[in-house]
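Worksheet: the structure to be examined is printed underneath.
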C-alpha cells in the first residue's frame with residue numbers, strides 16, 4: 001500500500017486521465033491554428049473521439065457546437081473534395097441544431113449552426129442554397145434578441161442582405177449597409193467587416209466611397225487580436241476588388 005502511494009505521488013500524470021475540459025482545450029487549440037496542415041481535420045476527429053468524456057448535458061452541448069464550428073471552416077482549410085466537405089458541413093448543421101435544442105438560450109449553438117448552414121449553401125451554389133437564407137436570417141435575429149451586442153450577427157445579416165437575390169429572396173443592399181455599420185460600430189478594425197462594407201458600397205454603386213474605404217483598410221497595420229490568415233485573405237480579396245473598381 002505504501003509503495004502504491006509513493007508511485008501515485010511520483011507519477012500523477014500517468015495515473016490521471018484526460019478530462020472533457022482537456023479535450024475542449026485541445027480542440028480549441030487546433031481550431032485556433034486551423035491554417036496549419038490537417039488541423040481542421042484533426043479537430044473534427046478529436047471532437048468525435050471525445051464523446052466518451054461526456055458526463056453532462058453541458059459537455060454534450062460544448063462538443064456539438066464545436067463540431068459545427070470546425071465544419072464551417074472545411075471549405076477553406078480541409079484538403080478534400082467537394083462531396084466530402086459537403087458531408088462534413090451537413091453533419092455540422094445537424095449537430096448545430098442539436099446544440100440549439102439542448103440550450104436554446106445560449107449563443108454558440110445558434111451561431112455556428114447558422115455559419116455551417118451558410119458555408120454549406122455557398123458550396124452548393126446559389127440556386128440550391130435559397131432555402132437556407134431565411135433560417136440563417138431568423139437565427140441571427142434570435143442571437144440579437146439574446147445579446148444585442150453580438151456584432152457577428154450583424155455581419156452575417158449584412159452578407160445575407162447583400163448576396164441574396166432581390167424579388168425572389170431578401171436581397172436588400174441598404175439593409176446590408178445598416179447592419180455592417182452596426183457591426184463596425186462595435187469592432188471597427190475587424191477585417192471581415194471592413195471588406196464586407198466595401199462590398200456593400202460597391203453593391204450600392206458607391207464605387208468612389210468603396211475605393212477610399214478599401215485603400216484605408218489595406219493601409220491598416222495587422223493587430224494580433226485577429227486571426228492572421230483571415231486578415232491576409234481579406235486583404236488579398238480587397239486588393240482584387242479595388243483593382244476591379246478602379
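The values are calculated or read from the model by the stated rules, or taken from the named source; none is laboratory data. Because the structure is a prediction, the values reported are computed rather than measured. All Cβ positions, even for glycine, are placed from backbone atoms using ideal geometry, and neighbour counts span all protein chains on display.
Can you find a residue in region 221-228 that is surrounded by 20 or more Cβ atoms within 10 Å (Cβ to Cβ) and in contact with a helix residue (DSSP H, G or I) (Cβ under 8 Å, 6 or more places away or on another chain)? Checked against the condition, which is being surrounded by 20 or more Cβ atoms within 10 Å (Cβ to Cβ) and in contact with a helix residue (DSSP H, G or I) (Cβ under 8 Å, 6 or more places away or on another chain), region 221-228 yields no hits at all.
I'd like the full set of residues that are free of Cβ contacts under 8 Å to residues at least 40 places away in the same chain and surrounded by fewer than 19 Cβ atoms within 10 Å (Cβ to Cβ), limited to region 86-115.
As a first pass, look at region 86-115 and keep what is free of Cβ contacts under 8 Å to residues at least 40 places away in the same chain: 86-87, 89-101, 104, 110.
Matches in region 86-115: 86, 87, 90, 91, 94, 97, 98, 101, 104.
For region 187-209, indicate whether the set of residues that are within 22 Å of residue 227 (Cβ to Cβ), touching a helix residue (DSSP H, G or I) at 6+ places or on another chain (Cβ under 7 Å) and part of a loop (DSSP other than H, G, I, E, B) is non-empty. Yes - at least one qualifying residue is present in region 187-209. For residue 45, the requirement of being within 29 Å of residue 230 (Cβ to Cβ), in a helix (DSSP H, G or I) and either modelled with pLDDT under 90 or out of contact with any helix residue (DSSP H, G or I) (no Cβ under 9 Å at 6 or more places or on another chain) (or both) is met.
Suppose we filter 131, 167 for residues that are modelled with pLDDT under 95 and assigned to a helix (DSSP H, G or I); which single one remains? Walk me through how you get there before you give the answer.
Values: 167 fails: assigned to a helix (DSSP H, G or I).
Testing whether each residue is modelled with pLDDT under 95 and assigned to a helix (DSSP H, G or I) leaves just 131.
Restricting 215, 182 to those that are assigned to a helix (DSSP H, G or I) and within 23 Å of residue 232 (Cα to Cα) reduces the list to 215.
The set of residues in region 129-147 being under 15 Å from residue 160 (Cα atoms) and free of Cβ contacts under 8 Å to residues at least 24 places away in the same chain consists of 129, 131, 132, 135, 138, 141.
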